[in-house]
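Just below is one structure, and these are the notes that go with it.
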Amino acid sequence: MAVLAFHRSNNLSPILTLVLAGVVVSAFCSALVGLVTYLADPETTLQVIVFWLLGSFASSTWPQFGLVAVCTAFATAVLIGMRWRVNVLSLGDDEARTLGVNPVRDRLILLAAACLAISSQVAVSGTIGWVGLIIPNLARMMVGADNRRLLPVSTLLGAIFLVAADTLARSLTPAEIPVGIITALVGTPIFALLLRRSTRSGVA
């Protein structure tokens, strides 16, 4: 809601405004997390917060899985069902209105669905980074930029990547490594390679 409020009060381009709003809200929430971490009891709560910030499935339970499964299934169905509208929205608001799409309404629905899926997963597993950066780019290399194919493929690749990362986290050492560390160690070099490749393609 904060991102959307900032988006509607700004006259910049929709994509740039969403990015800037995301940066602002993320920085504010990070400050709140830092405040909670600073005030936490170092004997009990602090360890739990630090482990959650690293991201892990170790403490997940079946009731939590059921909650995440319901939220994710609903949100994914909405996103995939509206995948052709994402193509239209990528053309810009004026073009979207010309094609009969309400950009404000559809953007609100898409953001709400994405937030539902992400927040339910983060509440259980903690923050697991780099998945949203590398998986869509890999999927785009495989099937192109058409969201009618890109969204389903990204969903499948993301699930496979997290299962593989969780398997490594449980197998490399006797003590389970947080999944967020594995995704960062694997994701950063992959993202660097993708960035280098896209840069070369742009120069070419």
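The values are calculated or read from the model by the stated rules, or taken from the named source; none is laboratory data. All of these numbers come straight from a predicted model, not from anything done at the bench. Please note: Cβ atoms are built from the backbone with ideal geometry, for glycine as well, and neighbour counts cover all protein chains shown.
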- Scope the range 102-119; condition modelled with pLDDT under 90 and either buried (at least 16 other Cβ atoms within 10 Å of the Cβ) or not in a helix (DSSP H, G or I) (or both); matching residues: 103, 107
- All but one of (1) modelled with pLDDT of 85 or more; (2) over 26 Å from residue 156 (Cα atoms) hold for residue 62; which doesn't? (2)
- Quick one: residue 122 ticks every box in (1) closer than 21 Å to residue 182 by Cα; (2) outside any helix (DSSP H, G or I); (3) of a type in the set (A, V, I, L, M, F, W, C) except a single one, so which number is it? (2)
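Conditions tested, residue by residue: (1) part of a helix (DSSP H, G or I); (2) surrounded by 17 or more Cβ atoms within 10 Å (Cβ to Cβ); (3) at pLDDT 90 or above; (4) not aliphatic (A, V, I, L, M).
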residue	(1), (2), (3), (4)
160	yes, no, yes, no
163	yes, no, yes, no
166	yes, yes, yes, yes
169	yes, yes, yes, no
175	no, no, no, no
183	yes, yes, yes, yes
191	yes, no, no, yes
197	yes, no, no, yes
200	yes, no, no, yes
- Scope the range 146-181; condition of a type outside the set (A, V, I, L, M, F, W, C) and either free of Cβ contacts under 8 Å to residues at least 12 places away in the same chain or assigned by TED's automatic domain parsing to the domain that holds residue 88 (or both); matching residues: 149, 167, 170, 171, 173, 174
- Query: If we keep just the residues of the range 63-90 that are of a type in the set (Gly, Ala, Ser) and part of a helix (DSSP H, G or I), which is surrounded by the most Cβ atoms within 10 Å (Cβ to Cβ)?
  - Reply: 75
- Kindly establish whether residue 96 is under 23 Å from residue 1 (Cα atoms) and free of Cβ contacts under 8 Å to residues at least 12 places away in the same chain. yes
- Query: List the pairs whose first member sits in the range 38-62 and is assigned to a loop (DSSP other than H, G, I, E, B), whose second member is modelled with pLDDT under 90 and charged (D, E, K, R), and whose Cβ atoms are under 6 Å apart, counting only residues at least 6 apart or on separate chains?
  - Reply: 58/176
- What residue, among those in the range 168-204 that are closer than 22 Å to residue 53 by Cβ and among the polar types (S, T, N, Q), is farthest from the chain's Cα centre (by Cα)? 173
